[in-house]
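In what follows, a structure is listed as structure tokens, so that the remarks can point back to it.
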Amino acid sequence: MIFMKGFRSILYILPFFMACCSCSLKSDSTIFNKTATLTIQQKLKAILQTPNLQSLGLNELQISWMQEFYSERFFNPIWCNDTTLNEEGRQMKNALSRSLWFGIPANRLKFEIKPDRIWLEEEVLNTAKLAIFLTDIRNGFLDFEQKKYTDKVFVSKKTLNEFLQSKRSETVDERLLSQGPRDSNYVNLSRQIYQYCEKYSVDTTTFSVLATRLDSVKSHFQATQALFSKGYLKTKSTDITDFTAALKLYQQHNGLKSDGVIGKYTVIALNESTYSKILRAALALDKLRREKSYPPKCIRINIPEYLLRFYVNDSLKSTHRMVVGNVENQTPELISKINKIIVYPYWNVPNSIARKEILPILKRSPNYLARNNMKIYRKTTRINPYRVNWRRIRKNTFPYTIRQDPGPTNSLGILKFEFFNNYNVYVHDTPSKHLFDSDIRAFSHGCMRCEFPIVLGKLILDYDSISGRRNPITSDSLDSMLLKVENRPFPLKDPIPIFIEYTSVCANRDGILFYLDIYKREEDFLKIMKE
């Protein structure tokens, strides 16, 4: 009898022993269905054997983490019942399948696809994906210096347990949205991305829309197809009123002039898939996750947004439209300090501009310099441009320097904000005020032209003090100096940190804004996120 009882015990545990110790667990639900004596905890323990986790694509560290995590839970599942995913498991699987809505690229949560996957493997994958998601949404997923992904790291078991225990009345989506940084800019952008994805189709289709001036009929047809695919039109055949309204809204969302005209930049925006735009938004969120702390008083310029913002005590004091470098002469990203404001500056024409742009004009018309209040020098000696045989001067051996005198028509305008950098760029005024009316303002040779620079200069002076001592040059003094039309530099007592940055997706209270990646600086990161 004792022998028979022992034999029955062996028969009872044999199926479970074989499941746990085999080199590879069968990916066939019949192993559980036929072994009715196994509890769900025993089944999960079998699933968590190393060979099976390897087959799902987990690495050594992840496997160890997973086994320890469920061992501490006594192998009680989170997302499954005895036959299938439970309701929360289905919601979590659905949410993680839309990870891009939360700013996490889908390939960050990619594991091996097994055609014969059993339901308890979904338990493991839900947990693995959530563990990576929680790390990424807190700490970021990109190495911006190396231009590559960071390693996929599971969040601490303590943090995951805290997330699981914080179940409230919110949906799974709400709980996931709340996991990122608490910074208000981050929270706003992440919410706007989610709401945009919820409302509009995240289409992966790219288009070949033509500008209206090339073929108005074909352009209208292609634009209609694009707007329908992106969820801005309900049908492909619609009247001109609905089409124009949809196009204007799309232009607004892409930082373009809402004129209902299919122009050059509207074409670029329409031809990009929404999927690509949301990836750029995910990139913007990842930058915010790594964002440095800014000093209470600073100036920030975002190149794709063409905007300068001046902050004092973390409060926005003024916003100024900017003109930045064109594609051939791109404005660099940098950090420096504005240490000097120059009233009626001289313009020392960069050698590249003198050689490539001014020399060809001088060969035709030497009086160009006089018309533009410019003087030409060879070292420190001023040269008479009418005595130079310009046809013999070659641009690669241009021996002169050119300087433009101060005045309202000076290319730098009437104010220049100077800061040290290796690129010889600065912020300044411009006589070409009409350029600020353009939606895409990439026209300069790299410097940044500022709209209403006098307003900015006065604000800088109003807040320029150190240890309670204010700058003797007040905003009223600036008005007086401007009336004299004389070159005068003056230093700031408290130099202002300036951050020139590049982020193509932003958000305000009204919604998300997808600016054009005018310099294509984000494409390398998009390739990583699309692979």
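Structure notes:
- Spacing of the two label points (7 Å from each Cα toward its C-beta) at residue 437 and residue 389, in nm: 4.7 nm
- ³J(HN,Hα), Karplus 6.51/-1.76/1.60, whole Hz, each residue of the range 518-531, x for Gly, Pro: 4, 9, 6, 7, 9, 5, 4, 6, 5, 4, 4, 6, 8, 5
- Amide H partners (placed H, <5 Å) of residue 494, local residues excluded: 465
- Secondary structure note: in the chain, about 85% of the DSSP beta bridges are antiparallel.
- Taking 328, 162, 522 and counting other C-beta atoms within 10 Å, the order from fewest to most: 328, 162, 522
- The protection proxy used here, the mean number of other Cβ atoms lying within 10 Å of each residue, ranks peptides 275-285, 488-498, 118-128, 450-460 as follows, highest first: 275-285, 118-128, 450-460, 488-498.
- Here the relative contact order of the chain, from alpha carbon pairs under 8 Å that lie six or more residues apart, stands at 15 percent.
- Taking every alpha-carbon pair under 8 Å whose residues sit at least 6 apart, the range 193-238 reaches a relative contact order of 37 percent.
- Extension reserve of the residue 482-residue 335 stretch, reckoned as 0.36 nm per residue once the Cα distance is removed: 50.0 nm
- Under 5 Å from the amide H of residue 201 lie the amide H atoms of 231, each residue being 5 or more positions distant or on a separate chain, with H modelled from the backbone and absent for Pro and chain starts.
- Calculated [222 nm] ellipticity per residue, helices only, for the chain: -11500 deg cm²/dmol; basis is -39500 (n - 2.57) per DSSP H run with n ≥ 4, divided by all residues, nearest 500.
- Whole-Hz Karplus values for the range 258-265 come out as 7, 10, x, 9, 8, x, 3, 7 Hz, taken residue by residue from phi with 6.51 cos²θ - 1.76 cosθ + 1.60 and θ = phi - 60°; glycine and proline positions read x.
- Residues whose placed amide H lies under 5 Å from that of residue 337, excluding near-sequence neighbours: 420, 498
- Relative contact order of the range 347-405: 50 percent, from C-alpha pairs under 8 Å at least 6 residues apart in sequence.
Taken together, the values in this text are just the output of simple stated rules run on the coordinates, not laboratory data. In this text the structure is predicted, and so the values were computed from the model without any measurement. Cβ coordinates were reconstructed from backbone atoms using ideal geometry, including for glycine residues, and neighbour counts include every protein chain displayed.
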